[in-house]
There are 2 protein chains.
Amino acid sequence: MGVNLKDIAQRAGVSLATVSNVVNGYRPVGERTRQRVQQAIDELGYSPNLGARHLRRGRTGLIALAVPELTNPYFAELAEIAIAEAAALGYTLVMENTAADRGAELALLDGSRQRIIDGLILSPVRIGREEVLARPAGNPLVLIGEGVYDVPHDHIAIDNVAASHAAIRHLVAIGRRRIAFIGATPGGDRQSAHLRVRGYREALAAAGLPYRPRLVARTDVFGRLDGMRAMRDLLALGDPPDAVFGYNDLVAIGALRALAEAGHRVPEDVAVVGIDDIEEGRFSVPTLTTIAPDKREIGRLAVRRLVARIEGAEVTGPLTVQTPFRLLRRESTGTPAA
Amino acid sequence: MGVNLKDIAQRAGVSLATVSNVVNGYRPVGERTRQRVQQAIDELGYSPNLGARHLRRGRTGLIALAVPELTNPYFAELAEIAIAEAAALGYTLVMENTAADRGAELALLDGSRQRIIDGLILSPVRIGREEVLARPAGNPLVLIGEGVYDVPHDHIAIDNVAASHAAIRHLVAIGRRRIAFIGATPGGDRQSAHLRVRGYREALAAAGLPYRPRLVARTDVFGRLDGMRAMRDLLALGDPPDAVFGYNDLVAIGALRALAEAGHRVPEDVAVVGIDDIEEGRFSVPTLTTIAPDKREIGRLAVRRLVARIEGAEVTGPLTVQTPFRLLRRESTGTPAA
DNA sequence: GAGCGGCTCTATAACGTTATACAGGTGATG
DNA sequence: CATCACCTGTATAACGTTATAGAGCCGCTC
């Protein structure tokens, strides 16, 4: 604690600036002096004071990934990838928990936090296009997920309408006709649900199936408990569904639980599909059919885009990138176990 | 971006230092000047440059929580609590992923990371007492979990031997006699498993049951996949167990999956108990009986201890704190659903 | 009324780094 | 041989904050 450039400079018999140049490679340094300096660094065990560097350079080397819940495995899996990618690019990634709270999201957009991080990857839930547009100019911002569209920021997400289509097509293909959706939200609160609901409706229409509003269950948030409660309500209908498409895997897993408690067989009585491909769904009983986004691609792309913006690199191509997804058939829709 | 103390000082017609004193409350400021300064701050929208502040103060306001895997829900749930507690104390908590890698853990102990964080909460997995003792003096370190004992650092954990006792007593109480353990590790790699295995053995002995080495399954790490594989192996024994105690909930959930695939009923044929009380176990089919550590207590205590050390506060009481736990009976050991 | 102590406020030197301007030395060129 | 350009290295001024030393002012005491 406390070996600084000056100590190294003294030890190596060179100036402060030369040591800085060796460390940073900012200006050419003769081979002999470089070696002497490097030796001094190794002997004294120097590592730069990042606070000072930050002050001077105006960058902290910190980027933040703000998600609505840390405990959602999808975000944990995404974070693990993003942290590794950030480290590879020389940045430290800080996790930020908005707890799906509007105030927290707004604070992130223009709060004082901004001064300590170089850029932000945000998965918005409670804020919309207007709030993002109203944001004062500042650090680069990359959006992930489906909260906000049509803003002048990089945006990485899957094509949610297409993902819903794929899920519903699959359910139709295995003979289901009364397909429910769990995870709609009231109002314009969370656009993601809107897109997934839209895909659901479009695909029903394309299959010649009627749209039944009673089969669309609303939830406040998107956890296991929400899925379980919604499924119970659906089962209480006079004419319950023969398939369920959940907003995400957690909701779907909650639905599986409700079905088990009520004594229904999956997939024989009710088939279930989710979105996210969290590991949990590969071990649930039954295993969960899901739409698997390419988390690796999303995490890496988001970090790379952000870092590119921070470093002022030229970024070509459109702001919005739709990453690939695929349908993984598992037991909850009647595919043999892996 | 860029309103600084000087701007405020000019606007308010006072000196730089006075503004700093208003912001920090470090020295008394007259009521009239305080108001004038405060007004200037509000008008210009000032927020302190944390980099500069930290350079000057020598602290960054960042603490790190290093865990072996972000995707283990136990750590995610713990992190959510710790982040909130840190924020309440004016600190930002950074998640660090050691990926259960020895090199990563060592790097955290004395690496350059140290210079950017004020303190570290570490859940050690691959390092032992010696490595911690060999650590150069530096930032405060708080240990959580069961990796390392008898070192001059704060340590927050449950009593693992007692936790195992409780689990085994419960299984014995519901009439099980061939009780397996999944999650032992070879050598002294991870002491936690040793403690849990020890409690398992002691409790068997206390119940007058024989210790059968074949019923103790080793795993590399402690994920669902490890639990599933180990359970398959146990089922392949000529005389399979009638109960399984998993190192943690993830392992136990993997075991549940293997049992389902093999067509065994839980709890009728095999009862299952885990440790951690992750949310997943409250929704699995069947729901999972578990030893629930007080995560809130662990997370808050770890952060508070660390911050107290950072701020040089007098900390009374022993270094090692054992936090409470309780047994939650659920379906996997034959308790009626909640 | 001179001296003293308490109260506000100010000037300024750090903290450790990087970027800019500049100095010294060397080799090549006219 | 003088000039120039280059290549290395140096001195130094920031970056924005906080802590220290001290200056000015007021009222009080002897």
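Since every read-out is calculated from the coordinates, none of them should be taken as a lab result. All of these numbers come straight from a predicted model, not from anything done at the bench. Because the Cβ atoms are built from the backbone with ideal geometry, glycine has one as well, and the counts that use them run over all protein chains shown.
Between A:Ala205 and A:Arg296, the C-beta separation translates, for a Förster distance of 35 Å, into a calculated FRET efficiency of about 0.55. The residue among A:Val172, A:Ile116, A:Gly238 whose Cα reaches farthest toward the positive pole of the charge dipole of the protein assembly as shown, with charges on the beta-carbon of Lys, Arg, Asp and Glu, is A:Ile116. Can you tell me the 0 to 90 degree angle between the C-alpha axis of helix A:191-206 and the longest principal axis of chain A, rounded to 10? Helix A:191-206 and the main axis of chain A meet at about 40 degrees. Placing a label point 7 Å from Cα along the Cα-to-Cβ direction at A:Gly128 gives distances to the equivalent points in the other copies of 6.1 nm, listed shortest first. When B:Tyr211 is represented by a point 7 angstrom out along its Cα-to-C-beta vector, the spacings to that point in the other copies are 6.6 nm, nearest first.
Farthest towards the positive end of the charge dipole of the protein assembly as shown, among the residues A:Leu55, A:Gly208, B:Met95, is the Cα of A:Leu55, using unit charges on the Cβ of Lys, Arg, Asp and Glu. Give the long-range amide H neighbours of A:Leu93: residues separated by 5 or more places, or on another chain, with amide H under 5 Å away, using H modelled in the peptide plane at 1.01 Å from N. Hits under the 5 Å cutoff: A:Ile63. Using the average count of surrounding beta-carbon atoms within 10 Å as a protection proxy, the listed peptides A:177-184, B:318-325, B:174-181 rank, highest first, as A:177-184, B:174-181, B:318-325.
Each part gets one Cα centre, and for the range A:64-140 versus the range B:50-74 those centres are 16 Å apart.
Shielding by partners for peptide B:64-72, expressed as the average number of C-beta atoms from other protein chains within 10 Å of each residue's C-beta, is 3. Rg over Rh for chain B works out to 1.13, both radii taken from alpha-carbon positions and Rh defined as the Kirkwood radius. For the peptides B:83-91, B:201-209, B:281-289, residues were scored by their other Cβ atoms within 10 Å and the scores averaged per peptide; the highest-first order is B:281-289, B:83-91, B:201-209. If a/c stays under 1.5 just call it rounded; otherwise compare a/b with b/c (prolate if a/b is bigger, oblate if not). Do that for the range B:195-338, with a ≥ b ≥ c from the square roots of the Cα gyration tensor eigenvalues. Prolate is the answer for the range B:195-338, as a/c is 1.5 or above and a/b outweighs b/c.
Would you list B:Asp154, B:Asp249 from fewest to most Cβ contacts within 10 Å?
B:Asp154, B:Asp249
The alpha carbon gyration tensor of the protein assembly as shown gives principal lengths a ≥ b ≥ c with a/c of 1.5 or higher and a/b no greater than b/c, which makes the shape oblate.
In chain A, the longest principal axis of the Cα atoms and the axis of helix A:73-88 are about 20 degrees apart.
In order along the range A:316-333, the Karplus-derived 3J(HN,Hα) couplings, from 6.51 cos²θ - 1.76 cosθ + 1.60 at θ = phi - 60°, round to 9, x, x, 5, 8, 10, 9, 8, x, 9, 8, 8, 9, 7, 9, 4, 5, 10 Hz, and Gly and Pro are given as x. Sorted from closest to farthest, the other copies place their A:Asp233 label points 4.7 nm away, with each point set 7 Å from Cα along Cα→Cβ.
What number do you get for the range B:46-92 when its Cα radius of gyration is normalised by 2.2 N^0.38 Å, N = residues?
Expressed relative to 2.2 N^0.38 Å, the Cα Rg reads 1.44.
Checking the a/c ratio against 1.5 first, then a/b against b/c, what shape does the Cα gyration tensor give for the range A:56-124? Note, shape of the range A:56-124 comes out oblate.
Backbone amide hydrogens, once placed in the peptide plane, bring B:Gly119 within less than 5 Å of B:Ala64, excluding anything fewer than 5 places away on its chain.
Largest first, the extents of the alpha carbon coordinates of the range A:5-48 on the three principal axes equal 23, 19, 15 Å. Inter-chain neighbour count for B:260-270: the average number of beta-carbon atoms from partner chains within 10 Å of each residue's beta-carbon is 1. With axes computed from alpha carbons, what is the tilt in degrees of helix B:249-261 against the longest principal axis of chain B, rounded to the nearest 10 within 0 to 90? Result, in degrees: 40.
Per residue of A:281-289, other chain Cβ atoms within 10 Å of the residue Cβ number 5 on average.
Close amide H contacts of B:His155 (hydrogens built in the peptide plane, cut-off under 5 Å, sequence separation of 5 or more or a different chain): B:Leu143, B:Thr320, B:Val321. Dipole magnitude for the protein assembly as shown: computed about the Cα centre from +1 point charges on Lys and Arg Cβ and -1 point charges on Asp and Glu Cβ, it is near 960 debye.
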